[in-house]
1. Determine the per residue accessible area of region 4-217 with all protein chains present and a 1.4 angstrom probe, expressed in square angstrom.
2. Would you work out what percent of the accessible area of the chain, with all protein chains in place, is carbon or sulfur (probe 1.4 Å)?
3. Multiply the residue separation of Gln9 and Glu118 by 0.36 nm, subtract the distance between their alpha-carbon atoms, and state the gained length in nm to one decimal.
4. What FRET efficiency comes out for the pair Arg152/Asp25, r = Cβ-Cβ distance, R0 = 35 Å, nearest 0.05?
5. When the chain is treated as a GNM, springs tying every alpha-carbon pair under 10 Å, which of Ile80, Ile99, Ile165 comes out with the largest mean-square fluctuation?
6. Quick one: how many Å² of Thr86 are accessible to a 1.4 Å probe, rounded to 10?
7. Between Gly194, Gly23, Gly50, which gets the highest mean-square fluctuation from a Gaussian network model of the chain, Cα cutoff 10 Å?
8. Could you pull out the GluC sites (Glu not before Pro) across region 102-169 that fall in loop regions by DSSP (anything but H, G, I, E, B) with no more than 12 other Cβ atoms inside 10 Å?
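The values are calculated or read from the model by the stated rules, or taken from the named source; none is laboratory data. Worth saying up front: this structure is predicted, and the values here are computed from it rather than measured. Here the Cβ positions follow ideal geometry from the backbone for every residue, glycine too, while neighbour counts run over all protein chains shown. These area figures cover heavy atoms from the full protein model, side chains too; ligands, DNA and RNA do not enter into them. Shrake-Rupley method; radii C 1.70, N 1.55, O 1.52, S 1.80 Å.
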Amino acid sequence: MPSIAENLQRIRERIADACARAGRDPASVTLVAVSKFHPAESVREALVAGQASFGENRVQEAAAKFPPLRAGHPALRLHIIGALQTNKARDAVRIADVIESLDRPKLAAALAEAMAKEGRRPQLLVQVNIGREPQKAGIDPDAVADFVAECREAHGLPVAGLMCIPPAEDDPAPHFDRMAALAARLGLHTLSMGMSGDFEAAIAAGATHVRVGTAIFGERHP
Ligand SMILES: *Cc1c(COP(=O)(O)O)cnc(C)c1O
């Protein structure tokens, strides 16, 4: 089995190739290594291989794994990418550099309060339910403009961009294109989209962050 370092190298090459095909600078795409359900030792291997940004979808798991790793790795950036309960907002603000799952007004209020208390302001991405799936989290594409305005004006939140997970059964490319158009229309520069199976299509559409788990760390065993 290839090592985490070898997998990272391969993903970096694929990102560079996708950027070349799209006429983009590879430095414009940040690889977020999604380490959920993998042990701190795997994260450490990735850090040693030069990987700086990581994604976790549960605050409790991230809080157990990451703070001890920061000491020797000041460039480490932790992204919270999963559904966030309001009662976990303060812990998320304490440990995260980026929170990608801002998806409702109550959470915006909780994050604003947590930021005031913690004196820390992680970047925020609004999660968009780009496929309008009833079971999926995220703001309806038609409501994103109003929601971003509410986050900024009513709560003073640092909204930097958008994030999505397209419907599993669809061709993701049209969804990625609609996300890019939406972000451009709102003047938002950060666009987190693309996972192990579709990050090249996301880069073609303009992703600035791709979230890759399985292709780096292997299968998860929750
Ligand atoms: C788990 C997860 C990923 C990574 O998915 P892979 O298919 O393993 O690359 C990306 N984004 C989110 C929001 C996730 O929960």
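1. On the way: 9210 Å² over 214 residues.
Dividing the accessible area of region 4-217 by its residue count gives 43 Å².
2. Working: 5220 of 10070 Å².
Carbon and sulfur atoms account for 52 percent of the accessible area of the chain.
3. On the way: separation 109, 0.36 × 109 = 39.24 nm, distance 3.65 nm.
Computed gain between Gln9 and Glu118 is 35.6 nm.
4. That gives a FRET efficiency of 0.75.
5. Ile165
6. Ignoring ligands and nucleic acids, Thr86 comes out at about 50 Å².
7. Its mean-square fluctuation being the largest, the pick is Gly23.
8. Working: sites: Glu113, Glu118, Glu150, Glu153, Glu169; in loops: Glu169.
Hits after loop and neighbour filter: Glu169.
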